[in-house]
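**Student:** Quick one: the structure is below, and I'll ask about it shortly.
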Amino acid sequence: MTQLTANQRTMHAIAAALAEEYRMGEEAARQGDVPLAWHHLGRAHILAQTRLGPHCVSHRRMLAFAVQLRDWPEAAGQLLRLALAPLGNLTGRLPIGNTGRSTVSAFTAMDIPSDLRAIIDRTPD
């Protein structure tokens, strides 16, 4: 059995946390708790934003939710962020901790919640 590197373990932990945030967001949306659904989508964005594929998926999910809600300003903001995400990832100029909502500047870094910080900064066991 091959042993995972510290980076691989961190990536697995991030992927698991990301899946859980999406699951909790979907559950909140099913129950009609829109603010809680956005909360989990924002946390997922924080986890995803340093990798291009997951970062774009996070904005696509936000876009789909905005369209479902018929929140056209949010949908327009997500389209803009989908266009900017590749540039941010390729240049490394990402507003770390940003929740990805259109109500927040796409260029503003934010504090990362401590539980997500612990996952992102995970060290070898």
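No lab work stands behind these numbers, since they all come straight from the coordinates. Quick caveat, the model's predicted, so the values are computed rather than measured.
**Student:** When the helix-only estimate is applied to the chain (DSSP H runs of n ≥ 4, each -39,500 (n - 2.57), divided by the residue count), what is the mean residue ellipticity at 222 nm, nearest 500 deg cm²/dmol?
**Tutor:** Theoretical 222 nm ellipticity from helices: -23000 deg cm²/dmol.
**Student:** Follow-up. Please compute the contact order of the range 9-125 in relative form: average sequence separation of alpha-carbon pairs under 8 Å and at least six residues apart, divided by the residue count, as a percent.
**Tutor:** With pairs under 8 Å counted, the relative contact order is 26 percent.
**Student:** Just to confirm the number: angle between the C-alpha axis of helix 72-91 and the first principal axis of the chain, 0 to 90 degrees, nearest 10?
**Tutor:** Between the helix axis and the principal axis of the chain, the angle is about 30 degrees.
**Student:** Helix 34-48: angle to the longest alpha-carbon principal axis of the chain, degrees 0 to 90, nearest 10?
**Tutor:** Taking the Cα atoms of the chain, the angle to 34-48 is about 40 degrees.
**Student:** Still on this structure: Rounded to the nearest angstrom and ordered from largest down, what semi-axes does the equivalent ellipsoid of the chain get from its C-alpha gyration tensor (root of 5λ)?
**Tutor:** Each semi-axis is √(5λ); the values are 25, 17, 12 Å.
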